[in-house]
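Note sheet for the following structure.
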Amino acid sequence: MVDEAVIAYLPEGFWPAVPRTVDAASDAARREVHLDIDPKGQITLRVQDGGSVEATWLSLDSASCRIEGGDAE
């Protein structure tokens, strides 16, 4: 995993109102991995202290944000 790698884009309508940083589970040894989600739906991988780290899996299950707006009844 490489710090600042863009890994996905959320579809329009699922973009957060403000930037979010969420923890991501992985088997990266001794370094935390986070996801930055920007208001345009871009999801960027962040590795603690930058650089890169070896891992065999990354879970996006912990990533969530409230959808703002829309017509809720």
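Considering only residues in segment 27-43 that are aliphatic (A, V, I, L, M) and assigned to a strand (DSSP E or B), the one that is farthest from Glu54 (Cα to Cα) turns out to be Ile37. Part of a strand (DSSP E or B), open to solvent by 70 Å² or more (accessible area, probe 1.4 Å), modelled with pLDDT of 90 or more and among the polar types (S, T, N, Q) - does that describe any residue in segment 4-26? Checked segment 4-26: at least one residue is part of a strand (DSSP E or B), open to solvent by 70 Å² or more (accessible area, probe 1.4 Å), modelled with pLDDT of 90 or more and among the polar types (S, T, N, Q). Checking each residue in segment 14-59 for being without any contact (Cβ under 8 Å) to a residue 24 or more places away in the chain, on the phi < 0 side of the Ramachandran plot and not basic (Lys, Arg) picks out Val18, Pro19, Glu32, His34, Asp36, Asp38, Gln48.
The values are calculated or read from the model by the stated rules, or taken from the named source; none is laboratory data. Every value quoted in this text rests on a predicted model; they were computed, and no experiment measured them. Every residue, glycine among them, receives a Cβ derived from its backbone with ideal geometry; neighbour counts consider all protein chains shown. These area figures cover heavy atoms from the full protein model, side chains too; ligands, DNA and RNA do not enter into them. Shrake-Rupley method; radii C 1.70, N 1.55, O 1.52, S 1.80 Å.
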